[in-house]
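Written below as structure tokens is the structure these notes are about.
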Amino acid sequence: MSAARGRREPPRFRAVAVRHVERRSPRLVRVTLGGPELDGLTIDQPAASVRLLLPPLETDAPVVPTWNGNEFLLPDGHRPTIRTFTPRRSDPEALELDVEIVVHGGGAASTWADAAAPDAQAAISGPGRGYTVDAGAPAFFLGGDETAIPAISQLLEVLPAATPVQVRIEVAHPDARLELPDHPRADVEWCELASGATPGEALVTTIGDAALDPGTRVWVAGEAAAVQRVRRHLFEERGLPRAQASVRGYWKHGRSGDDDA
Ligand SMILES: Cc1cc2nc3c(=O)[nH]c(=O)nc-3n(C[C@H](O)[C@H](O)[C@H](O)COP(=O)(O)OP(=O)(O)OC[C@H]3O[C@@H](n4cnc5c(N)ncnc54)[C@H](O)[C@@H]3O)c2cc1C
């Protein structure tokens, strides 16, 4: 597409290296990235996003792409491998940033995270917009699939302790369950996706069954087609005011993140 269309250029890529890798569950890998170029990267909202630039296959270091006014491209004209993740923890003193990546069995980021080891190189750009918590809300509902576990964990850390929070998380495998941060009023349910079911099916069902008191703030993220069904349910069937909900597609079933680069 021509540069004349002019999308706003995302923040620059900052070179980082893997400092530490931790399995949070057999399905989720926490990768601590660090390096001097993280200086000045500020993340002040929960459930924000960063773009992770990965090295091309069979190479060690990412090639920093240039913005052509519409998309990032490598010098050879190919699209770089860029995926979006939640900055789960950032430590401006230590110049570190954690991302937690679902190991789902395919895809560049999943494969990279599964094999990640200290000193592996990558780059980070961001942050992208996060969630503004309405501290006066009477209740919260947090829903998502495994890709939303990092954001839901962050939200549980910052939501007011006195406010009730329903948490519903769809997992494709039972071993994707993990310990979430404590919230004194949280009611957590893990919903297992039946074998062969379409991603998001269990999440859509549990949201359909949820009792939402008036004024409840709803945050949902997961597979794009599933969250589209969630939007229709919330806004058209329940008549939930749009201002009370944040519903975001995090990935597309059957489509690689490369297609959206
Ligand atoms: C704002 C935002 C925040 C996000 N935060 C996180 C996060 O913290 N952790 C995280 O893991 N993901 C997160 N995601 C989702 C992540 O960007 C996608 O899952 C991404 O497609 C993974 O890249 P990949 O290279 O592993 O797979 P891709 O190359 O993009 O896809 C390859 C194949 O795998 C499928 N696929 C992709 N993701 C999944 C999945 N999770 N489960 C099953 N199949 C999948 C695709 O449909 C495709 O068929 C976030 C997305 C957004 C927009």
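The values are calculated or read from the model by the stated rules, or taken from the named source; none is laboratory data. Just so it is clear, the structure is predicted and the values come from calculations on it, not from any experiment. Because the Cβ atoms are built from the backbone with ideal geometry, glycine has one as well, and the counts that use them run over all protein chains shown. Note: areas computed on protein heavy atoms with side chains; ligands, DNA, RNA excluded. Shrake-Rupley method; radii C 1.70, N 1.55, O 1.52, S 1.80 Å.
For segment 240-251, which residues satisfy the criterion of being open to solvent by 80 Å² or more (accessible area, probe 1.4 Å) and either within 7 Å of the ligand (Cβ to nearest atom) or of a type in the set (S, T, N, Q) (or both)?
Trp251
If I ask for residues that are exposed (fewer than 14 other Cβ atoms within 10 Å of the Cβ) and assigned to a strand (DSSP E or B), which ones from segment 163-184 would you list?
Within segment 163-184, none qualify.
Search segment 252-261 for residues being open to solvent by 70 Å² or more (accessible area, probe 1.4 Å) and among the charged types (D, E, K, R), and hand back the single one that is nearest to Asp134 (Cα to Cα).
Out of the qualifying residues, it is Lys252.
If I filter segment 166-202 down to residues being without any contact (Cβ under 8 Å) to a residue 40 or more places away in the chain and charged (D, E, K, R), which single residue comes out as nearest to His253 (Cα to Cα)?
Residue satisfying both the conditions and the ranking: Glu201.
Just to be sure I understand the filter: pairs with C-beta atoms under 8 Å, separated by 6 or more residues or on different chains, first member in segment 247-261 and under 26 Å from Phe235 (Cα atoms), second member more than 6 Å from the ligand (Cβ to nearest atom) and at pLDDT below 95. Which pairs pass?
Lys252/Asp259; Lys252/Asp260
Can we say Ala47 is of a type in the set (A, V, I, L, M, F, W, C), out of contact with any His (no Cβ under 8 Å at 6 or more places or on another chain) and assigned to a strand (DSSP E or B)?
Taking the combined requirement at face value, the residue does not satisfy it.
Which count do you get for residues in segment 61-109 that are more than 8 Å from the ligand (Cβ to nearest atom) and more than 15 Å from the chain's Cα centre (by Cα)?
Qualifying residue count, segment 61-109: 26.
Here's the yes/no breakdown for (1) away from the ligand (no atom under 15 Å from the Cβ); (2) among the charged types (D, E, K, R); (3) open to solvent by 60 Å² or more (accessible area, probe 1.4 Å); (4) over 30 Å from Thr81 (Cα atoms):
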| site | (1), (2), (3), (4) |
| --- | --- |
| Ala210 | yes, no, no, yes |
| Ala221 | no, no, no, no |
| Arg229 | yes, yes, yes, no |
| Arg238 | yes, yes, yes, yes |
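Sort out which residues of segment 146-162 are open to solvent by less than 40 Å² (accessible area, probe 1.4 Å), over 13 Å from Trp219 (Cβ atoms) and assigned to a loop (DSSP other than H, G, I, E, B), and write them in order of number.
The answer is Pro160, and nothing else.
Go through segment 6-44 and count every residue that is outside any strand (DSSP E or B), touching a helix residue (DSSP H, G or I) at 6+ places or on another chain (Cβ under 9 Å) and β-branched (Val, Ile, Thr).
Qualifying residue count, segment 6-44: 0.
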